[in-house]
Amino acid sequence: EYPGRKFTIDGHLVGSNGEVVVAENYGLELLPNSTEIHDAVSPDGKYVQIKATQIKKIAISSKPDYAIVIKMFQDGSWEEIYNGPGELIWDNAGKLQKNGQRPISLAKLKSLMSSVSAKDRISRVQ
């Protein structure tokens with residue numbers, strides 16, 4: 001049902017599942033796999049990077065227009081951690097690591113989320 005998405009145990013599983021969960025719940029159209037910077041586009045044309053994790057942090061390698069970050073749990077449930085402008089994440093992420101990524105904790109993302117207005121979020125579908 002999701003061509004191009006890898007659901008392998010080697011690290012793609014959480015990310016690909018997260019992309020599908022977010023796309024379905026926010027009405028997003030997924031872009032082709034491995035598209036640079038963004039993973040999806042909203043019905044109103046906003047480009048969105050989707051990050052899913054089961055640990056206490058994520059890492060980003062570029063500044064997206066918008067971002068949705070979720071934490072996925074063992075039982076299949078999930079929690080929205082951040083939903084808003086990508087610039088806010090980029091400006092608050094840690095130093096660039098050797099792998100080309102900048103880490104940011106979920107706690108920091110939750111803190112940033114409190115400053116994002118409703119108009120700057122991607123709306124969930126009913």
- Item | Farthest positive-ward along the chain dipole, Cα basis, beta-carbon charges - from 64, 104, 17 | 104
- Task: Grab the beta carbon distance between residue 116 and residue 1, set R0 = 35 Å, and tell me the FRET efficiency rounded to 0.05.
- Result: 0.65
- Note on the structure: In this structure, the FRET efficiency calculated for residue 24 and residue 62 from their beta-carbon separation, with R0 = 22 Å, to the nearest 0.05, is 0.35
- Roughly how big is the chain's charge dipole about its Cα centre, with Cβ charges of +1 (Lys, Arg) and -1 (Asp, Glu), in debye to the nearest 20? 600 debye
- Message: Suppose only helical runs count, i.e. DSSP H with n ≥ 4. What mean residue ellipticity at 222 nm does that imply for the chain under -39500 (n - 2.57) per run, divided by all residues and rounded to the nearest 500 deg cm²/dmol?
- Response: -7000 deg cm²/dmol
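Need one number for the range 59-126: average projected area of the convex hull over its C-alpha atoms, nm².
Result: a mean projected hull area of 5.5 nm².
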- Task: List the extent of the Cα atoms of the chain along each of their three principal axes, largest first, rounded to whole Å.
- Result: 36, 35, 30
- Given a cut-off of under 8 Å on Cα pairs at least six residues apart, what relative contact order in percent is computed for the chain? 19 percent
- Message: Could you work out the percent of alpha carbon pairs in the range 16-66 separated by over 15 Å, rounded to a whole number?
- Response: 44 percent
- Given 47, 2, 114, which one lies farthest toward the positive end of the charge dipole of the chain, if we put +1 on the Cβ of every Lys and Arg and -1 on the Cβ of every Asp and Glu? 114
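The numbers here are math on the coordinates, done by the rules we state, and not lab data. This one's a predicted model, so the numbers in the text were calculated from it and none came from an experiment. Heads up, the Cβs are rebuilt from the backbone with ideal geometry, glycines too, and the neighbour counts pull from every protein chain shown.
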